[in-house]
Each structure stands twice: as C-alpha cells, then as structure tokens.
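Asker: My structure is below; once you've seen it, I'll send some questions.
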Amino acid sequence: MLFRSKLVHAEPSNSEWFVVNWCLGNTCNYACSYCPSGLHDGSKGWPELETIKNFILKVKENFADKKLYFEFTGGEVTVYKHFIELANFCKEQNVKIGLISNGSRTVRWWEEHKHLFDHVCLSFHPEFAKPDHFLNIVGTINDIVKTHVNIMMSPEKFDECLELAEKVVNYENISLADRKSTRLNSSHTDISR
C-alpha cells in the first residue's frame, strides 16, 4: 500500500490514530433554513449495516498498528435505525466512536446509550431545538462522554442562543463554540472557558 505511507496526522502527537469521519446519510428530523437541503432531505439513503461493519473491519485490518476513531455524522445520525447496533459493534472491535448530533433524541435514549460513545458533538439549532431539552442532554452525557457543543447563532434568536451558551459553560468537561448560521459562510469563535 503505497498511499498508506502518505497518510500522516497533521498533529504529530496524534500519529498513533487513524480517524474516519463518515457521513452515513442525509436524513434529518430538522430542516434548518441555513442548512442546504442535501444535508437533511433524505435523498441519500443509509448504508446497510453489514456494509459499514465490513468497512470498519477492512480499516482495522489495514491499519492494525493504529488506534481507530470513527466519527459518524449525517443528517441526524441518531435516527439511523441501526445506529446503536453499529455503536455496539465499534465497541466490540475496540474502535473509538464519536458522533455529531442535534441532540433531539430523548433524555432516556441518551442515558441508555451514552456509554457507547467516546465523544459527542452536540449542535443546537434554534429553529427547532428547545433550550431546556438541549441542556438536559448536555447534563446527561457530559459526566462520562467528552462533549463539545456548537450553538448555531441565529440572528432572530441571538439572545436565546447567548443565554444557552452562558448556561452551557457552567457544565464541567464541555467545550463550546458558537457558529454564525448563514448559508454562505460561517465564523467560528471559541468561547470555551
């Protein structure tokens, strides 16, 4: 594998890791105005679970000398009907797992499954999400899961988003970023404490 020698992590201290970021599908339970329809309209179906498992095993075989980290995204990846089975498979294979989610699943769902995740990036979308529910999810998972929060800073709901950010920074073990929600560009300001 000639190309394998070319795959190096940009950060030398992370050279023992091989990271796969995989957008599994584009079905989402939100349809945010600033999000292109191709990221939430369901036009790209979810792959078969066996296809995903076989790919993970192939990566594991080809990068046996590396620690593996798979980050799954979507649409909203937690609505994939086999997602928990996939997360269990990753754990069985000693593969670290992360996901990017809008946090819309129930508190009970997160409580039951948080032990499967090594990292969760939660994105607050003010057009659809409820701040209290979102904070409950943050509080439910951050005790055992490395958690990052993105807040889409909608101009129409800016004060609500700012208030949420001020509450999120009071949680332990949380990193936080606000993101300007526009179609053409986004700015990133790290306001972690």
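The values are calculated or read from the model by the stated rules, or taken from the named source; none is laboratory data. Being a predicted model, the structure only gives us computed values, none of them experimental. Every residue, glycine among them, receives a Cβ derived from its backbone with ideal geometry; neighbour counts consider all protein chains shown. We work out accessible area using only protein heavy atoms, side chains counted, and drop any ligands, DNA or RNA first. Shrake-Rupley method; radii C 1.70, N 1.55, O 1.52, S 1.80 Å.
Asker: Does THR78 fit the bill of being more than 30 Å from LYS157 (Cβ to Cβ) and among the hydroxyl-bearing types (Ser, Thr, Tyr)?
Answerer: Working: more than 30 Å from LYS157 (Cβ to Cβ): no; among the hydroxyl-bearing types (Ser, Thr, Tyr): yes.
Considered against the rule, which asks whether it is more than 30 Å from LYS157 (Cβ to Cβ) and among the hydroxyl-bearing types (Ser, Thr, Tyr), THR78 comes out as no.
Asker: Which residues, taken from the stretch 117-157, are within 12 Å of ASN102 (Cα to Cα) and of a type in the set (Asp, Glu)?
Answerer: GLU127
Asker: If GLU111 satisfies all but one of (1) more than 20 Å from GLY75 (Cα to Cα); (2) of a type in the set (D, E, K, R); (3) at pLDDT below 95, what's the number of the condition it fails?
Answerer: Condition not satisfied by GLU111: (3).
Asker: Within the stretch 146-169, count every residue that is touching a helix residue (DSSP H, G or I) at 6+ places or on another chain (Cβ under 9 Å) and assigned to a strand (DSSP E or B).
Answerer: Of the residues in the stretch 146-169, the ones touching a helix residue (DSSP H, G or I) at 6+ places or on another chain (Cβ under 9 Å) are 147, 149, 151-154, 160-161, 163-164, 167-168.
Still in the list and also assigned to a strand (DSSP E or B): 147, 149, 151-153.
Number satisfying all stated conditions: 5.
Asker: Identify, please: which residue in the stretch 132-153 is over 16 Å from ARG105 (Cβ atoms) and free of Cβ contacts under 8 Å to residues at least 60 places away in the same chain and is, among those, most open to solvent (accessible area, probe 1.4 Å)?
Answerer: Here is the first cut: in the stretch 132-153, the ones over 16 Å from ARG105 (Cβ atoms) are 143-144, 146, 148, 150-153.
Filter again for free of Cβ contacts under 8 Å to residues at least 60 places away in the same chain, leaving 143-144, 146, 148, 150-151, 153.
Values: ASP143: 98, ILE144: 98, LYS146: 142, HIS148: 39, ASN150: 13, ILE151: 1, MET153: 16 Å².
By that ranking, first place goes to LYS146.
Asker: Among all residue pairs at least 6 apart or on different chains, which show Cβ distances below 7 Å where the first residue, located in the stretch 96-114, is in contact (Cβ under 8 Å) with a residue 60 or more places away in the chain and over 23 Å from ILE56 (Cβ atoms) and the second is small (Gly, Ala, Ser) and open to solvent by less than 60 Å² (accessible area, probe 1.4 Å)?
Answerer: ASN102/SER123; ASN102/ALA129; SER104/ALA129
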